[in-house]
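The values are calculated or read from the model by the stated rules, or taken from the named source; none is laboratory data. What you see is a predicted model; the values in this text were computed from it and never measured. Backbone-built Cβ (ideal geometry, glycine too); neighbour counts: all protein chains shown. All accessible areas refer to the heavy atoms of the entire protein, side chains included, with ligands and DNA or RNA removed. Shrake-Rupley method; radii C 1.70, N 1.55, O 1.52, S 1.80 Å.
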Amino acid sequence: MEAARPMELCFAARAGTLTPTPAGRAPARLKKRRAGAGTTVRCAATAPAPMGEKTEYRDGPLERAFMGLFARKMEKYATGGGGGKKKQQQPAGTGKEKAVWEWDYESFVDVSRRVMVGRTRAQQQEAVREVLLSMLPPGAPEQFRKLFPPTRWASEFNAALTVPFFHWLVGPSEVIEVEVNGVKQKSGVLIKKCRYLENSGCVGMCVNMCKIPTQDFFTNEFGLPLTMNPNFEDMSCEMIYGQVPPPLEEDPASKQPCYPNLCSMSTPSAPVCPKLQ
């Protein structure tokens, strides 16, 4: 039986460009699929598409299961405009709930987008907090605080865990050296091109549904400070375990305008994304 393959990444590239291959290996035979006039989808093992090109991930059953677990929890908070109200249950016979392996990343992002509808910034962040808590067994935050007090070791250990365990959510990443309180340590994670931001194209979703809730969850629920610094120019993101995040009003991410050509909910004339206000 053939060994299970890791999740593949593909990106649309103009014909004639080279396909990335792991160091020390000869270029593999191209796997091609139509992706629009003059382009093909090319597979890479570790590198996302450059800015301006869309990465396509070929997820396996495990990745889809993670998407399904998160999406089904978030679906309970999806709304058509009810200002923080949970989604109404479907009438009997109108359709059954998706199995966890039937979700894909696009539908996961779509659920996130519907959670935003009709909610304030604070309500969006609270919804994500409740989803994250619902994914954990009772008493998990307290146990985490005992196992991982805010030390250099705990920060570096969690950075190392982030790379493999959140690959399905944010894409390829690597542990990097950062400086925390004047001390250099390997408690940073560089997300090369965030899958969530790339697929949503929404600054508000990045900040309200990912950055702020994740920072808050680790810092206040787990007791391990975390700062996330998204780079909206190339869609990369730096995570720094052990660093206390700044207040939102002092965070550069809170002053970011929309992606006018990427976000379906954008307000191009606004100097700051309306979802951040």
Query raised in the report: Just for the stretch 222-277: of the residues that are aromatic (Phe, Trp, Tyr) and touching a Ser or Thr at 6+ places or on another chain (Cβ under 9 Å), which one is modelled with the lowest pLDDT?
Result: Tyr259
Report task. Give me a count of the residues in the stretch 253-277 that are over 19 Å from the mean Cα position of the chain (by Cα) and either in a helix (DSSP H, G or I) or under 14 Å from Asp216 (Cα atoms) (or both). Result -> 2
Report summary line: Note on the stretch 197-229: residues within 27 Å of Pro50 (Cα to Cα), surrounded by fewer than 23 Cβ atoms within 10 Å (Cβ to Cβ) and among the hydrophobic types (A, V, I, L, M, F, W, C) are Cys210
Query raised in the report: Taking the stretch 232-249 on its own, how many of its residues are closer than 28 Å to Phe148 by Cα and surrounded by fewer than 19 Cβ atoms within 10 Å (Cβ to Cβ)?
Result: 5
Report summary line: Selection from the stretch 135-169 of residues within 20 Å of the chain's Cα centre (by Cα) and open to solvent by less than 50 Å² (accessible area, probe 1.4 Å) yields Ser155, Asn158, Ala159, Thr162, Val163, His167, Trp168, Leu169
Report summary line: Within the stretch 97-134, of all residues that are in contact with a Gly (Cβ under 9 Å, 6 or more places away or on another chain) and hydrophobic (A, V, I, L, M, F, W, C), the one most open to solvent (accessible area, probe 1.4 Å) is Trp101
**Report entry** Pair list, Cβ under 6 Å, 6 or more apart: the stretch 195-219 residue at positive phi, other residue of a type outside the set (Gly, Ala, Ser)
**Finding:** Gly201/Tyr259; Gly201/Leu262; Gly201/Cys263
Query raised in the report: Can Ala159 be described as touching a residue at least 24 places away in the same chain (Cβ under 8 Å), within 28 Å of Asp59 (Cα to Cα) and in contact with a Lys or Arg (Cβ under 8 Å, 6 or more places away or on another chain)?
Result: yes
Query raised in the report: Since Gly81 meets every condition but one in (1) modelled with pLDDT under 55; (2) under 18 Å from Met205 (Cα atoms); (3) touching a helix residue (DSSP H, G or I) at 6+ places or on another chain (Cβ under 8 Å), which condition does it not meet?
Result: (3)
Query raised in the report: Of all residues in the stretch 173-196, which are in contact with a strand residue (DSSP E or B) (Cβ under 8 Å, 6 or more places away or on another chain) and surrounded by 20 or more Cβ atoms within 10 Å (Cβ to Cβ)?
Result: Ser173, Val178, Ser187, Gly188, Val189, Ile191, Lys193, Cys194, Arg195
**Report entry** Residue list for the stretch 39-75, restricted to those being more than 15 Å from the chain's Cα centre (by Cα), among the small types (Gly, Ala, Ser) and modelled with pLDDT of 80 or more
**Finding:** Ala49, Gly60, Ala65
